[in-house]
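Chemist: Let me begin by handing over the structure; questions about it come next.
FYI, it's all coordinate maths here, none of it is from the lab. Bear in mind that the values here come from a model prediction, so they are computed numbers and not experimental data. Virtual Cβ from ideal backbone geometry, glycine too; neighbours counted across all protein chains shown.
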Amino acid sequence: MSVIFRAFRAIDDPLSCNKFIMGHRNVLEAYGIAMISSNNALWTEHENTFVIIAEAADDGRALGGVRIQIADDKLPLPIVKAVGQVDSKIYDVVSRHKGRVVAEACGLWNSREIAGYGYSFFILRSAIALAWLVRVDSLFALAAPVTVQMCLNAGFSIEKSLGNNGFFNYPKLDLVATAMVINDLEVMSHSTDNDRAHIFSLMKNPEQEAVVNGPKGDVTIDYRLAISR
């Protein structure tokens with residue numbers, strides 16, 4: 001399967017935003033989860049939200065995606081809203097980054113159709129590259145248990161000052177999420193060599209087609225990440 005990773009500013013493409021929302025909602029509902037940030041349409045009208053949508057090359061159907069939401073006074077980061085309900089220290093943690101461009105990689109999902117091929121790894125790496133391309137300094141994420149190691153490999157660190165050493169019950173009491181952050185996008189000191197090489201390649205050349213090795217073999221990705229803030 002050949003997949004296109006296409007980046008855009010949310011306010012510039014309402015139709016693609018709707019594709020993203022519907023695809024993510026379908027995945028969440030399959031796990032009995034509803035009403036989280038991607039189901040809230042406010043981000044579609046936010047000028048500082050950027051989106052990557054993974055689309056099938058043959059018919060454009062949505063297969064996955066992620067958002068980069070930059071903090072401003074118009075829309076709070078999803079992690080602030082989520083964690084703030086159980087730990088008010090999130091406000092202090094974010095305020096420590098005053099003077100830096102702070103953002104969150106959020107709403108990462110992939111459809112069951114491509115599950116197991118490693119596309120979530122490549123979507124996350126693309127999100128980090130896009131964050132750098134739109135001049136983000138610090139990138140937060142709220143990771144599900146199945147994605148914590150993937151995030152660590154990609155360069156995130158657990159924000160242990162929050163919750164129970166970074167862990168929270170979210171979005172339901174029987175589910176756990178982990179607060180994570182990258183503070184050095186320019187060097188990615190905590191990422192694996194493989195992840196760093198892939199991310200730096202996308203930072204340097206955001207428009208490229210690559211055959212990358214996933215758990216089930218090689219996959220072809222047409223990266224279209226060039227975007228201006």
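Chemist: Take the residues in segment 1-12 that are of a type outside the set (Lys, Arg) and touching a helix residue (DSSP H, G or I) at 6+ places or on another chain (Cβ under 9 Å), then tell me which one is farthest from LYS216 (Cα to Cα).
Modeler: Per the stated criteria, the residue is ILE11.
Chemist: Of the numbered conditions (1) within 17 Å of GLY118 (Cβ to Cβ); (2) not in a helix (DSSP H, G or I), ASN194 fails exactly one; give the number of that condition.
Modeler: (2) is the only condition that ASN194 fails.
Chemist: Then there is this: Mind checking whether some residue in segment 146-166 is surrounded by 19 or more Cβ atoms within 10 Å (Cβ to Cβ), at positive phi and out of contact with any Lys or Arg (no Cβ under 6 Å at 6 or more places or on another chain)?
Modeler: Taking every residue of segment 146-166 in turn, at least one turns out to be surrounded by 19 or more Cβ atoms within 10 Å (Cβ to Cβ), at positive phi and out of contact with any Lys or Arg (no Cβ under 6 Å at 6 or more places or on another chain).
Chemist: Still on this structure: From the list THR192, THR178, which residue is polar (S, T, N, Q) and crowded, with 20+ Cβ neighbours inside 10 Å?
Modeler: The conditions single out THR178.
Chemist: Turning to a different aspect of this structure: Mind counting the residues in segment 58-98 that are over 19 Å from LEU185 (Cα atoms) and assigned to a strand (DSSP E or B)?
Modeler: 4
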